[in-house]
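Here's the structure we're looking at; comments come further down.
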Amino acid sequence: MAGNIMVVEDEPAVARGVQVALEQEGYAVSVMPTGEEALTNIRDAAPDLIILDVRLPGIDGFEVCRRLRRESRAPVIFLTARADEVDKVVGLEIGADDYLVKPFSVRELVSRVKAHLRRAYGELADTETGRTLRRGELVIDLERRRVTRDGERLTLTTTEFDLLRHLAAKPGRVYTRTQLLELVRDYDALDQDERTINVHISHIRDKIEPDPAQPRYIRTVRGVGYAFAED
């Protein structure tokens, strides 16, 4: 699908290169050189996906992401010059869906953009009971991409929702971290770190579990991966 992309990047050459590549694919692109401008224009721009640099003048990308999440659930892809493991984990913890370390391939970035847009807004084919999965107090609406527990709406990122629906669709099936990574990253990624799955699962548990320390829905299979609890 074509859509609106917001690029928050203070390096003109990088921003221009990303903008041209995305516009060639048919996307409408707005470029914001600072986090402050991105936050000011988020409602009017209504982006379907946000590409966000970590190192920005003024408010850094991490803080921008935290604030953006109050206004938008659009997928967020971080661009960072830092290859530090801690930075990647922090980005995922605060709501980012993906990251690319500079220097990066524009072709790969476009591929990831397409994948995230397809996952976030495209047709959903994996259903077991039409468009809804019910697991105890959890209701996963596949068409609207909504999750509720005891009638209360839960806010999940695109990646968190996709991981949850894959696990919940097949209770009892054990998925390795590699398998889960492949399910939510349908592009050729150069840096696929299985440990990012642990971060996402922890984040999902914080949101869906009555007691994340004693998970009822998503159980850990030690040394293997994760499985959704059988009814």
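Residues that are at pLDDT below 90 and either among the polar types (S, T, N, Q) or surrounded by 20 or more Cβ atoms within 10 Å (Cβ to Cβ) (or both) are absent from segment 217-227. Among the conditions (1) touching a residue at least 40 places away in the same chain (Cβ under 8 Å); (2) surrounded by fewer than 20 Cβ atoms within 10 Å (Cβ to Cβ); (3) among the small types (Gly, Ala, Ser), the only one that residue 74 does not satisfy is (2).
Residue-level check: of (1) loosely packed, with under 13 Cβ neighbours inside 10 Å; (2) part of a loop (DSSP other than H, G, I, E, B); (3) at pLDDT 85 or above; (4) in contact with a helix residue (DSSP H, G or I) (Cβ under 9 Å, 6 or more places away or on another chain), residue 178 misses just (2). The set of residues in segment 181-211 being within 20 Å of residue 87 (Cβ to Cβ) and modelled with pLDDT under 75 consists of 185, 189, 190, 191, 192, 193. Here segment 31-67 is the region considered, the condition is being of a type in the set (Asp, Glu) and in contact with a helix residue (DSSP H, G or I) (Cβ under 8 Å, 6 or more places away or on another chain), and the residue that is nearest to residue 90 (Cα to Cα) is 63.
A quick yes/no check of all residues on (1) outside any helix (DSSP H, G or I); (2) in the same structural domain as residue 156 (by TED's automatic domain parsing); (3) in contact (Cβ under 8 Å) with a residue 12 or more places away in the chain; (4) of a type outside the set (Ser, Thr, Tyr):
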| position | (1), (2), (3), (4) |
| --- | --- |
| 44 | no, no, no, yes |
| 63 | no, no, yes, yes |
| 66 | no, no, yes, yes |
| 90 | no, no, yes, yes |
| 99 | yes, no, yes, no |
| 108 | no, no, yes, yes |
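Out of the residues in segment 111-158 that are hydrophobic (A, V, I, L, M, F, W, C) and more than 18 Å from the chain's Cα centre (by Cα), which is modelled with the lowest pLDDT? Applying the filter and picking the extreme gives 125.
The values are calculated or read from the model by the stated rules, or taken from the named source; none is laboratory data. Worth saying up front: this structure is predicted, and the values here are computed from it rather than measured. Neighbour counts are summed over all protein chains in view; Cβ atoms, including those assigned to glycine, are modelled from backbone coordinates with ideal geometry.
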